[in-house]
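Trainee: Take a look at the following structure, please.
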Amino acid sequence: MELERSSLPRRLLKTGLAYGLSWTGISKLVQIRERAAHKPLVVCYHRTVQNLAANTNDILPSMLISREMLERQLDWIGRSYSFVSLDELGLWLEGKKKFSRPIAAVTFDDGYRDVYYNAFPLLKRKGIPAAVFVVTDLIGKPDLLVHDKLFLLLSRAFSPQDAGLGKLMRFLRTLAIDLSEKKILRNGRWSRSRAASSLLMVLSRREIDRVIHALEADTQIEESALNINRCLNWEMILEMHRAGVTIGSHSHSHAVMINEKSDKMMQEANSSRETLQRKLRTKIQHFAYPDGQFNDAAIRAVAASGYRFAYTTCGHQQIAYPTLTIPRMILWENSSLDASGRFSPAILNCQIRGIFDVLKPCRRLHRLPQASDFTARPEPLKETRSQGVRL
């Protein structure tokens with residue numbers, strides 16, 4: 001089982017810091033300050049399962065949360081925040097609506113079926129508004145999201161030990177993909193899940209497809225593993241939409257926008273929005289950048305496609321585009337576990353407040369557009385330069 005967890009010294013440090021801040025009362029001062037500023041919280045989940053241990057070999061571990069832990073986290077957040085829909089959050093960002101308490105919005109990326117089976121009933125029971133960002137090219141299809149297929153193939157083709165890294169590097173060189181080990185390793189440690197995440201960050205969609213195609217020639221994925229990674233179908237999406245769940249776009253094929261040319265970015269954003277509007281017969285205003293990565297070219301493609309709001313998965317926000325770079329906090333099973341593996345409100349509090357960010361800085365590449373994207377550096381979008389509130 002390849003469960004993504006921090007090293008023991010790191011977990012001990014985070015646990016000591018969290019409980020120390022809680023004991024001294026400093027975390028309460030931070031909470032009071034944020035309440036006074038009414039700073040909103042937008043959380044991002046991916047996969048919700050009933051049995052965590054039964055799924056860690058077939059699902060990227062850093063995307064997993066059990067239904068029990070999801071409920072614990074939402075209950076804790078609900079004590080300090082009022083849950084709002086993304087439309088309500090948007091009105092707040094544009095200065096058109098005020099709330100008496102700090103607000104929080106709940107989002108799920110990628111549009112997996114387990115969200116429908118496990119998270120949706122919980123949200124309905126608790127009356128919590130939520131949003132699901134879907135990849136339109138995979139709705140109702142047997143194909144998998146590219147990161148899931150890549151992870152499953154890497155898990156079957158390479159060993160979990162360090163020897164697997166050398167084998168992977170040799171395999172990439174046969175495809176004329178020359179990467180240093182530093183591009184694959186994260187925090188100096190090797191795992192198949194980290195390798196999948198690293199490759200997705202640095203390779204274009206065309207290169208990723210080449211890797212997958214070559215791996216598929218000699219590697220088989222069991223049908224059971226394929227089944228648990230399926231995406232929503234239209235019937236599920238329509239039911240959630242009718243129940244009040246906001247449906248947003250997570251692009252057409254989940255291509256990481258900053259690794260693509262401008263015309264590909266436009267196709268990813270525009271095609272997805274048109275499909276959703278046609279099927280749901282409603283205006284689609286919300287977009288989540290795949291892997292949370294954006295640059296000026298990606299922002300302009302999203303804006304040109306007609307979206308009013310776009311979401312990242314980090315704390316970086318461009319002042320010129322406040323409503324098109326809305327920060328989100330990724331939460332999963334281990335986000336609120338202490339060093340002993342127990343749920344800790346103190347740990348979750350530090351996660352929500354961003355106190356651990358100094359220990360784990362953002363690795364996403366919000367780099368400027370490539371020279372081939374524009375003949376000249378674009379000016380900030382006029383419609384977003386002066387409106388909105390910086391988070």
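Trainee: Please state which of the following conditions ARG205 fails to meet, knowing it meets all the rest: (1) basic (Lys, Arg); (2) crowded, with 16+ Cβ neighbours inside 10 Å; (3) without any contact (Cβ under 8 Å) to a residue 40 or more places away in the chain.
Mentor: The single condition ARG205 does not satisfy is (3).
Trainee: Restricting attention to the stretch 295-322, which residues are farther than 19 Å from THR107 by Cβ, polar (S, T, N, Q) and open to solvent by 10 Å² or more (accessible area, probe 1.4 Å)?
Mentor: GLN318
Trainee: Within the stretch 240-282, which residues are hydroxyl-bearing (Ser, Thr, Tyr), farther than 16 Å from SER204 by Cβ and part of a loop (DSSP other than H, G, I, E, B)?
Mentor: Across the stretch 240-282, the qualifying residue is only THR282.
Trainee: Of all residues in the stretch 116-151, which are of a type in the set (Gly, Ala, Ser) and within 22 Å of ASP58 (Cβ to Cβ)?
Mentor: ALA119, GLY140
Trainee: For the stretch 49-126, give me every one of the helices (runs of 4 or more DSSP H) that falls completely inside it and has 3 or more residues that are under 19 Å from ILE330 (Cβ atoms) and open to solvent by 10 Å² or more (accessible area, probe 1.4 Å).
Mentor: 67-80
Trainee: Considering the stretch 235-254 alone, what residues qualify as being under 19 Å from PHE309 (Cα atoms), open to solvent by less than 30 Å² (accessible area, probe 1.4 Å) and not polar (S, T, N, Q)?
Mentor: Residues satisfying the conditions are VAL245, ILE247, GLY248, HIS250, HIS254.
Trainee: Within the group ALA225, ALA214, ALA310, ALA301, which residue is in a helix (DSSP H, G or I) and closer than 19 Å to PRO327 by Cα?
Mentor: ALA301
Trainee: At pLDDT 95 or above and among the small types (Gly, Ala, Ser): is that true of SER253 in this structure?
Mentor: In short, no.
Trainee: Which ones in the stretch 317-330 are farther than 13 Å from ASP296 by Cα and assigned to a loop (DSSP other than H, G, I, E, B)?
Mentor: Once the filter is applied, which keeps residues that are farther than 13 Å from ASP296 by Cα and assigned to a loop (DSSP other than H, G, I, E, B), the stretch 317-330 yields THR323, PRO327, ARG328.
The values are calculated or read from the model by the stated rules, or taken from the named source; none is laboratory data. As the structure is a computational prediction, the values presented were derived from the model and not from experiment. Every residue, glycine as well, gets a Cβ built from its backbone with ideal geometry; the counts of neighbours run over all protein chains shown. Note: accessible area is taken over every heavy atom of the protein model, side chains too, but ligands, DNA and RNA are not part of it. Shrake-Rupley method; radii C 1.70, N 1.55, O 1.52, S 1.80 Å.
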